[in-house]
Amino acid sequence: MSTPLLTVDNLRVTYRVGRRRVAAVKGVSFSVARGQCLGIVGESGSGKSSLARAILALEPAATGQVIFAGEDVLKMSRAARQVFRRRAQMVFQDPLGSLNPRLKIGAALAEVLRVHGLARNRREAAAQTAAWLATVGLDAEYATRFPHELSGGQRQRVNLARALCVGAEFLVADEPVSALDVSVQAQILNLLKTLQTERGITWVLIGHDLAVMRHMADELVVMQAGEVVEHGRAVDILASPQHPYTRELVAAVPDVDRALQCRA
Ligand SMILES: Nc1ncnc2c1ncn2[C@@H]1O[C@H](COP(=O)(O)OP(=O)(O)OP(=O)(O)O)[C@@H](O)[C@H]1O
Ligand SMILES: [Mg+2]
């Protein structure tokens, strides 16, 4: 087997609450192979977002190891961290908050390309912008729109274009569709899946919905109170959940229930 793109080893995340330090992630370990999707499920407050931020070095108080492409993210030099920030990016729940409201989409993407020295002039930037918009399923005319003139799903597409255009190869999507209308949730998830299968993007999908995980995740991590209680191939876990909490989750999804009955 090839070396995983990401290996998390005994990761702990703590927060200071008043005078105490409270652990939100309590020694979590797993790895993600290149080109795979790892799903993370767990009840509210189980530490999923804390884990996500720690993986991307957005959380100061993390101990343990996060090895990305052979380098420890928690111990990177400033220069290495800058490169890492391009290669590994977060996809947030609310795409509006991460877009500048005063910049048209085309200008925003061109600015990112320019800052990173990826386009030499306006024409190159415009051509690349159009290509990235096409990659995420948006017509070139969206370049002339402001963020508020897009739907939530379209904004999430723009966010993905922005991550990809600077060379993202690893995405952490923390409930990327929960703020979106149900009718577009599947479209965005399918786009992420396509980026995985067609461009080799490696990603972590955080969510609650096991039916979604069945379609998206190759491997699944189940968290409870800051710990991993189950980890394995998603199909295996869904077919025969071992931990009581996972059993409860699986039982709560009618879709999965049916799938299990079909197998039996
Ligand atoms: N900035 C913070 N300061 C103090 N405690 C925090 C902070 N952020 C999160 N926590 C605590 O850490 C624990 C894990 O929170 P986290 O947001 O990681 O959970 P989650 O699994 O993402 O939940 P949800 O499904 O609701 O998004 C919770 O008990 C939460 O209250
Ligand atoms: Mg969360």
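The values are calculated or read from the model by the stated rules, or taken from the named source; none is laboratory data. Note that the coordinates shown come from a computational prediction; the quantities given were computed from them, not determined experimentally. Every residue, glycine as well, gets a Cβ built from its backbone with ideal geometry; the counts of neighbours run over all protein chains shown.
Numbers below:
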| quantity | calculated |
| --- | --- |
| Some residue of the stretch 243-263 being at pLDDT 95 or above and among the charged types (D, E, K, R) | no |
| Qualifying helices (runs of 4 or more DSSP H) (wholly inside the stretch 17-129; at least 1 residues being away from ligand 1 (no atom under 16 Å from the Cβ) and at pLDDT 95 or above) | 78-87, 105-115 |
| Qualifying residue in the stretch 179-199 (condition: modelled with pLDDT of 95 or more, within 25 Å of V66 (Cβ to Cβ), more than 16 Å from the chain's Cα centre (by Cα) and not hydrophobic (A, V, I, L, M, F, W, C)) | no |
| Residue within the stretch 151-161 that is farther than 19 Å from L191 by Cβ and assigned to a helix (DSSP H, G or I) present | no |
| Residue that is surrounded by the fewest Cβ atoms within 10 Å (Cβ to Cβ), among those in the stretch 161-198 that are away from ligand 1 (no atom under 16 Å from the Cβ), touching a residue at least 40 places away in the same chain (Cβ under 8 Å) and among the charged types (D, E, K, R) | K193 |
| Residue among G27, G47, G64 that alone is surrounded by 14 or more Cβ atoms within 10 Å (Cβ to Cβ) and within 16 Å of ligand 2 (Cβ to nearest atom) | G47 |
| Residue ID - farthest from A168 (Cα to Cα), chosen from residues in the stretch 30-44 that are of a type outside the set (G, A, S) and within 14 Å of ligand 2 (Cβ to nearest atom) | E43 |
| Within the stretch 199-235, tally of residues that are under 20 Å from Q185 (Cα atoms), surrounded by fewer than 19 Cβ atoms within 10 Å (Cβ to Cβ) and within 14 Å of ligand 1 (Cβ to nearest atom) | 1 |
| Complete set of residues in the stretch 84-117 that are loosely packed, with under 15 Cβ neighbours inside 10 Å and over 24 Å from the mean Cα position of the chain (by Cα) | R102, L103, G117 |
